[in-house]
Amino acid sequence: MLEKFECEQCGANKYDELESDKIKCNYCGTIYRINKSIENKPKVIIKKGANVVFGKNSNVIIKGGVDIEDGANVQFLGKLEIIQKGDEEKIKNSIYKK
């Protein structure tokens, strides 16, 4: 069952797989074609050289993951929720640890 996709029509996240590239929303019946080649790519990409600050009153939800390139300055001072965890090996070998 695919649960990381949100139906654009009704907001549900429960689907049945119909074929290798199609899913059907269990609630409203909307059918989607899924491009498997982009399914696991991050939805938010912050490029090298970017200076991004999410203030202390921010309430950020990132669905589908985030990729912050080396050389980007990113600060999350408020609430942050990432729906898809990053690669375990990259997290383990990260040079930035608090």
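Listed values, structure above:
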{"read-out": "Percent RCO, i.e. relative contact order, over the range 41-85, from Cα pairs under 8 Å lying at least 6 residues apart", "value": "47"}
{"read-out": "Label-point gap, in nm, between Ile45 and Lys22 - each point 7 angstrom along Cα→Cβ", "value": "3.0"}
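Where a number appears in this text, it was derived from the coordinates with a stated rule and is not lab data. A quick note: this is a predicted structure, and the numbers were derived from the prediction, not measured. Every residue, glycine as well, gets a Cβ built from its backbone with ideal geometry; the counts of neighbours run over all protein chains shown.
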